[in-house]
1. Which of the following residues is assigned to a helix (DSSP H, G or I), open to solvent by less than 30 Å² (accessible area, probe 1.4 Å), among the hydrophobic types (A, V, I, L, M, F, W, C) and modelled with pLDDT of 75 or more: 85, 46?
2. Residue 113 - would you say it is modelled with pLDDT under 90, part of a helix (DSSP H, G or I) and either closer than 20 Å to residue 14 by Cβ or among the acidic types (Asp, Glu) (or both)?
3. For region 49-82, which positions are open to solvent by less than 70 Å² (accessible area, probe 1.4 Å) and modelled with pLDDT under 85?
4. Which is outside any loop (DSSP other than H, G, I, E, B), out of contact with any strand residue (DSSP E or B) (no Cβ under 9 Å at 6 or more places or on another chain) and either open to solvent by less than 50 Å² (accessible area, probe 1.4 Å) or at pLDDT below 90 (or both), of 95, 38?
5. Six or more apart or on different chains, Cβ atoms under 8 Å: show the pairs whose first residue is in region 19-35 and in contact (Cβ under 8 Å) with a residue 40 or more places away in the chain and surrounded by 12 or more Cβ atoms within 10 Å (Cβ to Cβ) and whose second is assigned to a loop (DSSP other than H, G, I, E, B) and of a type in the set (Val, Ile, Thr).
Amino acid sequence: KRIRARVKKLTPPIINYCDKTTLVELAFLLKHAAIVITNDTAAMHMAAVQGTRTICVTSGSHAFRFNHYPENFNNWLRFIFPPQMEALKKTGQFTQYASDYKNNIPIHSITAARVCAAADELLQDAKE
């Protein structure tokens, strides 16, 4: 309910463009978005490389499997992992486990509150 109320107050409002754009139109929308919240898809990568504030909600399976983003991308890119994967990051086992590609950690353990907190942080950084 809290998130729904926050979304209704946004100006401009959140608009769902799923299945309504071409790839070229998507690139334009991502470039001009205030923030993009998505799962680990091409849209996440397209937004991130354009410098758009981006939140990627992901289970962590195959995270960073091919390469890492440059350090300066931390200014506008956040990955939200399930708590189990966050715990692995603290032990140094995250990359090893994520590269397995077969982890069964459920993405639904990521709360909307965590995503909202990351969005608030990115949007606040933009104001400063």
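The values are calculated or read from the model by the stated rules, or taken from the named source; none is laboratory data. All figures in this text were calculated on a predicted structure; none of them were measured in a lab. All Cβ positions, even for glycine, are placed from backbone atoms using ideal geometry, and neighbour counts span all protein chains on display. The area values use the complete protein model at the heavy-atom level, side chains included, leaving out ligands, DNA and RNA. Shrake-Rupley method; radii C 1.70, N 1.55, O 1.52, S 1.80 Å.
1. None of the other options fit; the residue is 85.
2. yes
3. Once the filter is applied, which keeps residues that are open to solvent by less than 70 Å² (accessible area, probe 1.4 Å) and modelled with pLDDT under 85, region 49-82 yields 59, 60, 61, 62, 63, 64, 69, 70, 73.
4. Selected residue: 95, the only one of 95, 38 that is outside any loop (DSSP other than H, G, I, E, B), out of contact with any strand residue (DSSP E or B) (no Cβ under 9 Å at 6 or more places or on another chain) and either open to solvent by less than 50 Å² (accessible area, probe 1.4 Å) or at pLDDT below 90 (or both).
5. Here the result reads 35/52, each pair linking region 19-35 to a residue that is assigned to a loop (DSSP other than H, G, I, E, B) and of a type in the set (Val, Ile, Thr).
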